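For reference, the structure discussed in these notes is given below.
The values are calculated or read from the model by the stated rules, or taken from the named source; none is laboratory data. Every value quoted in this text rests on a predicted model; they were computed, and no experiment measured them. Positions of Cβ are backbone-derived with ideal geometry, glycine not excepted, and every protein chain shown enters the neighbour counts.
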Amino acid sequence: MKLKKPNDIQKLVSISTGFTLALLVMRGLYTGTLTYFFYPWNLFLGMLPVFFSGLLLKEKTFNYRSILWLCLWLLFLPNAPYLLTDIFHFKERPPIPLWFDLMLVVSGAWNGILFCMISLFRVEKFLKTHANTKFVNILMFLLLIPCGYGIYIGRYLRYNSWDIVTNPAGLIKTSTHHLHHPVQSLNVWMFTFVFAAFLGIVYFTIKKLPRMLYTTRQF
């Protein structure tokens, strides 16, 4: 059976993740420790939104399969930008140079942004074939709010995407408390909306930047 050649997106993702993993392997061989070896699993989870959005693009109509791919995409979407919060693990750990670990965690964070943006643009492309463009533009930003919330409960409350199946009662109880007591949960919602705003800025910047760079006006 003839293997398909990887497309440009697959090459881009492979190069970017390969760089992070190469730094991780180098670090492990040099120190003989497993520090930062959570990255392979987190990178795998971060790529799931890319995978499900790719399946969504293969659907020509809005059917039960496309709804399934959309739901799975949204469920796993926080895993991509969650990689940004792995920067919290960064600190000086001799004998590794500080700059090396900095590059490792920054490249991991970049992968999270990359996975998130690729999947967002794919979902946007699919939705625009079935809905009004203005509605889709608003919807894409609104979808970043549950994404920001998912990052918070993943990082601080240690929930993960599987808990919607394995621990739905605990997840519902926690989310209900945050909704019913917004003042007590102010830190939760500040984190949620700040992260959503940041991802929205990145999303719309990447979306508009190529067109603006080729206009005649200069900055």
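Name the one entry in Leu144, Leu171 that is surrounded by 15 or more Cβ atoms within 10 Å (Cβ to Cβ), in contact (Cβ under 8 Å) with a residue 12 or more places away in the chain, aliphatic (A, V, I, L, M) and in contact with a Gly (Cβ under 7 Å, 6 or more places away or on another chain). Answer to the selection: Leu144. Residues that are acidic (Asp, Glu) and closer than 18 Å to Leu70 by Cβ are absent from the stretch 155-174 altogether.
In summary, Asp86 fulfils each of the numbered conditions (1) in contact (Cβ under 8 Å) with a residue 40 or more places away in the chain; (2) over 21 Å from Arg155 (Cα atoms); (3) surrounded by 13 or more Cβ atoms within 10 Å (Cβ to Cβ) with the single exception of condition (2). Just checking, does the stretch 159-173 include any residue being touching a Phe, Trp or Tyr at 6+ places or on another chain (Cβ under 8 Å), at pLDDT below 95 and of a type in the set (A, V, I, L, M, F, W, C)? For the stretch 159-173, residues touching a Phe, Trp or Tyr at 6+ places or on another chain (Cβ under 8 Å), at pLDDT below 95 and of a type in the set (A, V, I, L, M, F, W, C): present.
Please pick out the residue among Leu29, Leu34 that is touching a helix residue (DSSP H, G or I) at 6+ places or on another chain (Cβ under 7 Å), of a type outside the set (Phe, Trp, Tyr) and either loosely packed, with under 14 Cβ neighbours inside 10 Å or part of a helix (DSSP H, G or I) (or both). After applying the criteria, what remains is Leu34.
Just one of (1) touching an Asp or Glu at 6+ places or on another chain (Cβ under 6 Å); (2) under 19 Å from Leu12 (Cβ atoms) fails for Asn79. It is (1).
Being among the basic types (Lys, Arg), under 24 Å from Ser66 (Cα atoms) and either assigned to a helix (DSSP H, G or I) or within 19 Å of the chain's Cα centre (by Cα) (or both), is that true of even one residue in the stretch 131-153? Scanning the stretch 131-153, I find at least one residue that is among the basic types (Lys, Arg), under 24 Å from Ser66 (Cα atoms) and either assigned to a helix (DSSP H, G or I) or within 19 Å of the chain's Cα centre (by Cα) (or both), so the answer is yes.
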